[in-house]
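A.B. asks: One structure, pasted below without further comment.
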Amino acid sequence: MTQNASSLPIIDLPLRDYREPPDEAFLGSLRTAAHDYGFFYLRGHGISPSLNADLLREADQFFSLPLEQKEQISMINSPHFRGYNHAGLELTRGRQDWREQVDIGPERPALSDLKGKPAYQRLEGPNQWPTLLPDFRKTILTWQIQVLNVLKHLLEALSFSLGQGTTAFHPVVSHTPYQLLKLIHYPGNHSNGQGVGPHKDSDLLSLILQDNEGGLEVELADGRWLKAPPLPGTFVVNVGELLEVATNGYFKAAVHRVISPKSGRSRLSAAFFLGAQLDATIPTLTLPKELANAACGITQDPQNPLFSQIGQNTLKGRLRSHPDVAARHHSDLLHPAQSKALHHA
């Protein structure tokens, strides 16, 4: 691990199974990065530079389409929160984010009968795909599968680093974990303001592919903001709230943001979020004594309560971030008389 006061740690991931214990130096570096920062660069992931380039090229081609073409797959048409949003439609802590994006999940059929079933099952369903880009769907789904495997492997390593063996999280990710890919374009902004506002991710792990334009920043414990510029051959990985819950705060979900590029410039990124199965409850791990003593508990934000039940936590985040979709497709979850449908999902 490379670590100093001015940059995030860099972790080299050994792509292997764990029938034999991994190198202790690697485990210690990984554990320290996730504990001290909640953010780190990841090398050794095995995803080819050409596939990453293909993904960013498809994203660039999509965002270069005329607005009317992009809006043919607008998220407002999807009760599953999939599709395109133009800049200003997503909120972070009530403020507009100045980015346009496409949200893509695993390609699954919508459930036909939701009567009497938990509200979070509404999140399952198909994606919307642009018709003018013939390679878009194949490239995105190929990249998604490979990144999912990398993050599952990394989750096993994190589990091992906590003295849990490799299988602590298998029950919540081995079958149909909730996952989401955001292709994001940050237009230049003369005020250099909020690309996306300060927030934590609500998943287990997030992985970010950046182009050559900076803007990602991580909040340190002392309140300073640390830049996370793109490094060739790496992804940025960060701990999500579910890992914070599972470790009683030993791994801390870090607050991060993106500053808009200056006027005349733009930024492309792909952010992949690995959650857990929607019907699961996140396990609370029994940590070794020395780690448990260093756990500082779960961060409690009155404006963003944490739920250990996965579907409840995930649906909460989608309703808050996309109020237009919530109002069109899920108004029963927003009405005071029906709010228990969400809170008891």
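The values are calculated or read from the model by the stated rules, or taken from the named source; none is laboratory data. Please read these numbers as outputs of a predicted model, since none were measured by experiment. Neighbour counts run over all protein chains shown; Cβ positions are idealised from the backbone, glycine included.
A.B. asks: Considering only residues that are of a type in the set (D, E, K, R) and crowded, with 17+ Cβ neighbours inside 10 Å, which ones fall in segment 51-74? I'd like the intermediate steps shown before the answer.
C.D. replies: So in segment 51-74, the residues of a type in the set (D, E, K, R) come out as 54, 57-58, 60, 68, 70-71.
Within segment 51-74, Asp54, Glu58, Lys70 meet the criteria.
A.B. asks: Also: So which of Ser50, Ser29, Ser78, Ser64 is of a type in the set (Ser, Thr, Tyr), under 20 Å from the mean Cα position of the chain (by Cα) and at negative phi? Spell out how you get there, then give the answer.
C.D. replies: On the way: Ser50 fails: under 20 Å from the mean Cα position of the chain (by Cα); Ser29 fails: under 20 Å from the mean Cα position of the chain (by Cα); Ser64 fails: under 20 Å from the mean Cα position of the chain (by Cα).
None of the other options fit; the residue is Ser78.
A.B. asks: Working only within segment 162-193, note down all residues that are of a type in the set (A, V, I, L, M, F, W, C) and either within 24 Å of Ser263 (Cβ to Cβ) or in a loop (DSSP other than H, G, I, E, B) (or both). It would help to see each step written out before you state the result.
C.D. replies: Step one: list which residues in segment 162-193 are of a type in the set (A, V, I, L, M, F, W, C), which gives 162, 168-169, 172-173, 180-181, 183-184.
The answer is Leu162, Ala168, Phe169, Leu183, Ile184.
A.B. asks: Let me ask something else. May I ask you to say which residue of Val196, Val147 is touching a Phe, Trp or Tyr at 6+ places or on another chain (Cβ under 6 Å), hydrophobic (A, V, I, L, M, F, W, C) and either outside any helix (DSSP H, G or I) or at pLDDT 95 or above (or both)? Break it down stepwise before answering.
C.D. replies: Details: Val196 fails: touching a Phe, Trp or Tyr at 6+ places or on another chain (Cβ under 6 Å).
Just a single option satisfies the conditions, and that option is Val147.
A.B. asks: How many of the residues in segment 12-28 are touching a strand residue (DSSP E or B) at 6+ places or on another chain (Cβ under 9 Å) and either of a type in the set (Phe, Trp, Tyr) or at pLDDT 95 or above (or both)?
C.D. replies: Here is the first cut: in segment 12-28, the ones touching a strand residue (DSSP E or B) at 6+ places or on another chain (Cβ under 9 Å) are 12-13, 26.
Filter again for either of a type in the set (Phe, Trp, Tyr) or at pLDDT 95 or above (or both), leaving 26.
Final tally of qualifying residues: 1.
A.B. asks: Of all residues in segment 268-277 being crowded, with 22+ Cβ neighbours inside 10 Å and touching a helix residue (DSSP H, G or I) at 6+ places or on another chain (Cβ under 8 Å), which is farthest from Phe235 (Cα to Cα)?
C.D. replies: The residue in question is Ala276.
A.B. asks: A further question on this structure: I want to confirm something. Restricting to segment 291-345 and keeping residues that are among the charged types (D, E, K, R) and part of a helix (DSSP H, G or I), which single residue is modelled with the lowest pLDDT?
C.D. replies: Filtering segment 291-345 down to residues among the charged types (D, E, K, R) leaves 301, 316, 318, 320, 324, 328, 332, 340.
Retained after the next criterion (residues that are part of a helix (DSSP H, G or I)): 316, 318, 320, 324, 328, 332, 340.
Working: Lys316: 84, Arg318: 88, Arg320: 84, Asp324: 89, Arg328: 94, Asp332: 89, Lys340: 44.
The residue in question is Lys340.
A.B. asks: If I ask for residues that are in a loop (DSSP other than H, G, I, E, B), touching a strand residue (DSSP E or B) at 6+ places or on another chain (Cβ under 9 Å) and acidic (Asp, Glu), which ones from segment 207-236 would you list?
C.D. replies: If the condition is that a residue be in a loop (DSSP other than H, G, I, E, B), touching a strand residue (DSSP E or B) at 6+ places or on another chain (Cβ under 9 Å) and acidic (Asp, Glu), then Asp211, Glu213 are the ones that fit.
A.B. asks: Same structure, new question: Using the structure shown, decide if His170 is at pLDDT 90 or above and closer than 21 Å to Asn85 by Cα.
C.D. replies: Working: at pLDDT 90 or above: yes; closer than 21 Å to Asn85 by Cα: no.
No: the conditions fail for His170.
A.B. asks: What about His153, is it over 21 Å from Leu207 (Cα atoms), in contact (Cβ under 8 Å) with a residue 40 or more places away in the chain and under 17 Å from the mean Cα position of the chain (by Cα)?
C.D. replies: Working: over 21 Å from Leu207 (Cα atoms): no; in contact (Cβ under 8 Å) with a residue 40 or more places away in the chain: yes; under 17 Å from the mean Cα position of the chain (by Cα): yes.
When the stated conditions are applied, His153 does not pass them.
A.B. asks: Let me ask something else about it. Could you list, ordered by first residue, the pairs with Cβ atoms under 7 Å in which the first is in segment 163-181 and on the phi < 0 side of the Ramachandran plot and the second is among the hydroxyl-bearing types (Ser, Thr, Tyr), at least 6 apart or interchain?
C.D. replies: Matching pairs, first to second residue: Thr166/Tyr18; Thr166/Ser159; Ala168/Ser159; Phe169/Ser159; Tyr178/Thr314.
A.B. asks: (1) modelled with pLDDT under 95; (2) among the β-branched types (Val, Ile, Thr); (3) under 21 Å from Leu30 (Cβ atoms); (4) under 19 Å from the mean Cα position of the chain (by Cα): which one isn't true of Val236, the others all being true?
C.D. replies: (1)
A.B. asks: Go through Asn85, Asn77, Asn127 for me and flag whichever is surrounded by 21 or more Cβ atoms within 10 Å (Cβ to Cβ) and in contact (Cβ under 8 Å) with a residue 24 or more places away in the chain. Give the steps one after another, and end with the answer.
C.D. replies: Numbers: Asn77 fails: surrounded by 21 or more Cβ atoms within 10 Å (Cβ to Cβ); Asn127 fails: surrounded by 21 or more Cβ atoms within 10 Å (Cβ to Cβ).
The unique qualifying residue is Asn85.
A.B. asks: Do we find that Pro283 is surrounded by fewer than 21 Cβ atoms within 10 Å (Cβ to Cβ), touching an Asp or Glu at 6+ places or on another chain (Cβ under 7 Å) and in a loop (DSSP other than H, G, I, E, B) in this structure? Spell out the reasoning first.
C.D. replies: Values: surrounded by fewer than 21 Cβ atoms within 10 Å (Cβ to Cβ): yes; touching an Asp or Glu at 6+ places or on another chain (Cβ under 7 Å): no; in a loop (DSSP other than H, G, I, E, B): yes.
Criteria not met by Pro283.
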